[in-house]
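What follows is a set of notes on a single structure, which appears directly below.
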Amino acid sequence: MLVGFIGQVVLARLLMPTDFGAVAVGLAFVTFVNLFADGGLGAGLIRRPEQPDRADLRALSGLQVSVAIVLAAGVAGVAPLFGRTGWVTAVVVASTPFLALQIPGRIVLERALAYRRLAIVEVTQVIVFNLWAIVWVLAGAGVWGMASAAPVRAAVGVAAMAWASPVGVPSPRFAWQRVRGLMAFGIRFQAVTAVQLVRDQGLNTAIVALTTVSTLGLVTIARRLLEVPYLLLGATFRVSFPTMSQLLAQKTDPGPLIERAVGVTTVASGLVLTGLAASAPGLVPGLFGVPWRDAATVLPAACLGLCVGGSVSVATQGYLYAVGDAAAVLRASLLQTLVQFLVVLVALPWIGVVAVGMGWLASNLVEAVVLGRATAARTQVRLAGQLAAPVSAGIAAGAAGWFMTRALGSDLVAGLFGGTLAAAAYLVLVLVLNRRLFTETVDMTLSSVRAVWGSRVDDVHPEVA
């Protein structure tokens, strides 16, 4: 994210907004092509108890590469109808078959929890994309320098995956019989992502329709600030699914780990979210300017919702996917979307942009309830006790910090002071309310840091050695 942000800053000084818009259209198409090309089949192999053999991986690659080629060719076929934007989109979408070739290696590394190797592959691709784009834009290629960076990045990713994965890059071979059994789970798995994409775009459209584009701008700024806690939760979720799959394959009771994961994630994310919510009245205008100050009103409710819903989902979604119950996750995503739209559509005309934060809060609470009940029905876990102390501490400390920031002023210094004070108060309250959970979170954090610095690049799980 850091490398990508720096690259975007450099490219923004070299290109026009219309150029960025054309590439953004192409990247949006890449997301949808990957959605259909993957089909969730890779997730089916991750959750399967037995290690997929090379024939399985070749069959998966054959199907996904074929779909990616057909869809990329379709985009190229209609590109002339949309002028330069169409051709730019076609060049960017040409990267999708190369992305599909990486999927078998990703499956093997995800199953082995070999995230250091995955990180090397992904960071390499980000660096290559930005270096290629900047060099060719400086050379006078304009938007084509940035567009061509997408297929180059993906092709380099194939080479990196050939080094990183113990199975290399299996050659595609179409064999329907080997992948047919994965379709039912895969469709439900991918449907969750589809619902999320539709929800995000639909919400943007609804906000503009009910208010103005400026309101959407305020929401966009709030989303940018939430990317830091989303990064923490997203990393946890990424590890959760393959970890739960491996535990179930070993006949290990996942209940204690689910409860522990929810508690530790709530404490860790709550620290970041409490500080963010408390600092908002000073942080937003201090960073982005006074015209953006109303974006701060979105954050308190959004942070509370993300603390509860995000912490529950990262542990329970991984488990539900691992046992094959993608339908429960899809049901939670659909209900979450419905509640979010209802709250925003009803409240936005009356209370303004703060309604978006309330919509995030309500939808996350609904998601947590649905996923928690589905998980408890299978494991008898008790999640409320893991949430009580950190959530209560976050509400109290966040509210105190918010009012402290408001009293000090609408600048960056006030925001940093109020946010720091709230974060410190949050830690003290969690320690008082649930000393065991506080200690467990500290211990896990320290052990994780030691594991990162102590691991080697060539460490590979025994099952794929």
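The values are calculated or read from the model by the stated rules, or taken from the named source; none is laboratory data. From a predicted model like this one, the values you see are computed outputs, not experimental measurements. Please note: Cβ atoms are built from the backbone with ideal geometry, for glycine as well, and neighbour counts cover all protein chains shown. The area values use the complete protein model at the heavy-atom level, side chains included, leaving out ligands, DNA and RNA. Shrake-Rupley method; radii C 1.70, N 1.55, O 1.52, S 1.80 Å.
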field: Over region 108-181, relative contact order from alpha-carbon pairs under 8 Å, at least 6 apart, %
entry: 31 percent
- prompt: If each Cα of region 303-352 is one equal point scatterer, what is log10 of I(q)/I(0) from the Debye formula at q = 0.17, 0.21, 0.24, 0.29 Å⁻¹?
  reply: -0.63, -0.81, -0.93, -1.07
- line: Here the alpha-carbon Rg of region 1-158 over 2.2 N^0.38 Å rounds to 1.10
field: Residues in region 216-258 that a label on residue 200 would reach, taking backbone N under 17 Å of a point 7 Å out along Cα→Cβ
entry: 216-238
message: Cα atoms only: what Rg and Dmax, in Å, come out for the chain?
response: 22.9, 66
query: Sorted by average packing, counted as other Cβ atoms within 10 angstrom per residue and highest first, what order do 255-261, 8-14 take?
result: 255-261, 8-14
message: Probe of 1.4 angstrom, ligands and nucleic acids ignored: what's the accessible area per residue over region 321-457, in square angstrom?
response: 52 Å²
task: Just need the relative contact order of region 236-364 here, percent rounded to a whole number, with Cα pairs under 8 Å and 6+ apart.
output: 33 percent
query: So what is the accessible area of region 132-252 per residue, in Å², with the probe set to 1.4 Å?
result: 49 Å²
- prompt: Quick one: if you take sqrt(5λ) for each eigenvalue of the C-alpha gyration tensor of region 250-409, what semi-axes come out, biggest first, whole angstrom?
  reply: 32, 19, 11
- request: Pairs of Cα atoms under 8 Å, at least six residues apart: use those to get the relative contact order of the chain, whole percent.
  value: 18 percent
statement: Ordering 347-357, 197-207 by per-residue average of other C-beta atoms within 10 angstrom, highest first, gives 347-357, 197-207
- prompt: Per the helix-only calculation at 222 nm, which mean residue ellipticity applies to the chain, given -39500 (n - 2.57) for every DSSP H run of n ≥ 4 and division by its residues, nearest 500 deg cm²/dmol?
  reply: -27500 deg cm²/dmol
task: Apply the Karplus parameterisation 6.51 cos²θ - 1.76 cosθ + 1.60, with θ equal to phi minus 60°, to every residue of region 340-356 and state each ³J(HN,Hα) to the nearest whole Hz, in sequence, with x for glycine and proline.
output: 4, 5, 4, 5, 5, 5, 7, 8, 4, x, 9, 10, x, 5, 4, 4, 5
query: For region 204-287, what size does the Cα cloud have along each of its three principal axes, sorted from largest down, in whole Å?
result: 54, 29, 16
Most positive-pole-ward Cα, 89, 446, 167, against dipole of the chain from beta carbon charges: 167
Listed peptides 431-443, 360-372, 308-320 by packing density, highest first (mean Cβ within 10 Å): 308-320, 360-372, 431-443
task: Report the percentage of all Cα-Cα pairs in region 69-143 whose separation exceeds 14 Å, rounded to a whole percent.
output: 72 percent
task: Round to the nearest 10 and report in Å² the accessible area of residue 48, as given by a 1.4 Å probe over the protein chains' heavy atoms.
output: 50 Å²
- line: On the accessible surface of the chain, probed at 1.4 Å with all protein chains in place, carbon and sulfur together account for a percent value of 70 percent
task: Return the FRET efficiency for the residue pair residue 210, residue 433: r is the Cβ-Cβ distance, R0 is 35 Å, and the value is rounded to the nearest 0.05.
output: 0.30
statement: Phi-derived 3J(HN,Hα) across region 401-408 with the Karplus relation (6.51, -1.76, 1.60, θ = phi - 60°), rounded Hz, x for Gly and Pro, is x, 4, 5, 5, 4, 4, 5, 7
